[in-house]
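Report on one structure; see the data block that follows.
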Amino acid sequence: MNCRLLLVVLLVARFTAAHGAPPPELMALQQQYAFLVAERVTIPYDAGMEALNTKFLAALASAADEAKKAGNLPEVLAIEEDKKLIAGKQPLSGKDDETTPASLKKLRAVYRAEAAKLAQQRTAAHAALLPPYTARLKELESTLTKTDRLTEAKEVMQHREGLGTMAAPTAVGSQFTNSLGMKFVKVPDTRVLFCIHETRLQDYAVYASEVPGVKDFWKNQTKEGVPTSDKADHPVAGMLWEDGQAFCEWLSKKEGRTYRLPTDAEWSSAVGLGSMEARTTSTTPEMLNGKVQTEFPWGGKFPPKSRDKAGNYTDTAYQTKFPLLKAIEDYTDGFVTTAPVMSFKPNKLGIYDLGGNVWEWLGDEFNASTPQHALRGGSWDSVTVGHILSSCRIRNPNRRHDYGFRVVLEEKAP
């Protein structure tokens, strides 16, 4: 099966999964549309990104050679890290800072600008295809109604109405970007793609604007009067498990895919504990809480060092606002409360903030005797080694200023 045909099959499957087997006339329109999307949207975008990555890798190799000649080891190491990410088709680290070499900042700026241009072209190309496709669907809906095929006409109408919320198709496979701009990567030994960042305030704001009755507690999170999670690119906080669950249900319906909170086993695989924890079908998060005593999300030892950029925990900046509370000794991450998502180094899979920022709700209940669900990952308000371990699990039925969530996307069945 060639690349184009494979993309068409995947796109058609995407539509049918959301609405079941469609009427034959709708299936024909879907196939025609899928061919056009593959030809004019997906294939050009993928080809453009492949060419951009090739060009960027060549520029990185040249920069690395110059840094080696100058004997600048930190610059060489930083460049090599970007080379690994691009070669592995993983996103670049979220932000540049004072430690980022000037040469690398320039190369990254060019890369990001070109990638953004390709994304805009992809969106525009997809938008141009929708009006004529929608018109043909409307015509089919009318024809089926006139011939008293009302159930099938309703299916066409539902499909047509759903197109208004569908994002342009992006890479299918190990990476994906949805209609909210949330980025996902495949986690080995699972059937899901993990969002590389925690659910942001801006993501939750779209949900709250489209769903009647969502309370606005999430807009005003504080600790002792100090604002937290108050900017669009910060993780949304003050969440109960039910809030994360409702968000996933809305997003699944919006896009015709299956989004949900991660299981405890999936979260372990994402953080690097998958092979270290023995599980059976009856294993609960409580049984594994704190069992692995040597692993931390940043891959180093406790306590973290400021140079490690380990994550957003209780640090010296925190103590400027909460001087009577304990902080990790000599650790500075620069944020009093929450930080913008992806502010620290990603792990080997390209996933950010599995340690720190906000605690993340799981789909699993903490144990077999309670309906309370588990949380993992620690937060900006975490200081004890027990809470910062990758193996830590907690439970709490109440809202807290440092409780958020991350979503996963289920892969389609083969």
(request) Provide SER179, SER390 in ascending order of the number of other Cβ atoms located within 10 Å of each residue's Cβ, fewest first. (result) SER179, SER390
(message) On a straight-distance basis, which lysines could pair with LYS83 in a cross-link, Cα separation under 17 angstrom, same-chain partners fewer than 8 positions away excluded?
(response) LYS55, LYS68, LYS95, LYS105, LYS106, LYS345, LYS348
(request) Stick to the Cα atoms of the range 183-410, pair each with every other, and give me the Kirkwood hydrodynamic radius in Å at one decimal. (result) 17.5
(request) Quickly work out the GLU80-to-SER306 label distance, labels modelled 7 Å from Cα along the C-beta direction, and quote it in nm with one decimal. (result) 2.6
(request) Determine the gain in length on full extension of the stretch LYS106-THR332; use 0.36 nm per residue of separation and subtract their C-alpha separation, reporting nm with one decimal. (result) 78.7 nm
(message) Rounded to two decimal places and with Rh computed the Kirkwood way over Cα pairs, what is Rg over Rh for the range 178-272?
(response) 0.98
(request) Would you give the gap between the C-alpha center of the range 24-42 and the C-alpha center of the range 226-280, rounded to a whole Å? (result) 33
(message) Between GLN319 and ALA61, what is the label-point separation in nm under the 7 Å Cα-to-beta-carbon projection?
(response) 4.8
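At R0 = 30 Å, how high is the FRET efficiency between ALA278 and GLU411 if r is their beta carbon distance? Nearest 0.05 is fine.
Numbers: r = 25 Å, r/R0 = 0.84.
Approximately 0.75, to the nearest 0.05.
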(request) With a Förster radius of 56 Å, plug the Cβ-Cβ distance of GLN31 and ASP97 into 1/(1 + (r/R0)^6) and report the FRET value to the nearest 0.05. (result) 0.70
(message) About the Cα centre, and with charges only on the beta carbon of Lys, Arg (+1) and Asp, Glu (-1), how big is the dipole of the range 183-410? Nearest 20 debye, please.
(response) 280
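Multiply the residue separation of ARG136 and ASP233 by 0.36 nm, subtract the distance between their alpha-carbon atoms, and state the gained length in nm to one decimal.
31.0 nm
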(message) Can you give me the orientation-averaged projected area of the convex hull built on the Cα atoms of the chain, in nm²?
(response) 22.9
(message) Below 8 Å, C-alpha to C-alpha, sequence gap of six or more: please give me the relative contact order for the chain in percent.
(response) 17
(message) Helix-only mean residue ellipticity at 222 nm, the chain, DSSP H runs n ≥ 4 weighted -39,500 (n - 2.57), per residue, nearest 500. What is it?
(response) -14000 deg cm²/dmol
(message) Kirkwood hydrodynamic radius, computed over distinct alpha-carbon pairs, for the range 312-414: how many Å, to one decimal?
(response) 14.8
(request) Would you calculate the separation in nanometres between label points at LYS291 and LYS69, each defined as 7 Å from the Cα along the Cα-to-beta-carbon direction? (result) 5.5
(request) Report ³J(HN,Hα) in whole Hz for each residue of the range 216-221, in order, from the Karplus equation J = 6.51 cos²θ - 1.76 cosθ + 1.60 where θ = phi - 60°; Gly and Pro get x. (result) 9, 4, 5, 7, 10, 8
(request) Determine the principal axes of the Cα atoms in the range 239-315, then give the extent along each, sorted from largest to smallest and rounded to whole angstroms. (result) 42, 33, 20
(request) Take each of the peptides 219-225, 294-300, average the number of other beta-carbon atoms within 10 Å over its residues, and list them starting from the highest. (result) 294-300, 219-225
(request) Evaluate E = 1/(1 + (r/R0)^6) for GLN121 and LYS348, where r is the Cβ-Cβ distance and R0 equals 35 Å; express this FRET efficiency to the nearest 0.05. (result) 0.65
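Only the coordinates and a few stated rules stand behind these numbers; no lab work does. Quantities reported herein were computed from a predicted structural model and do not represent experimental measurements. Glycine gets a Cβ as well: all are built from the backbone with ideal geometry, and neighbour counts include every protein chain shown.
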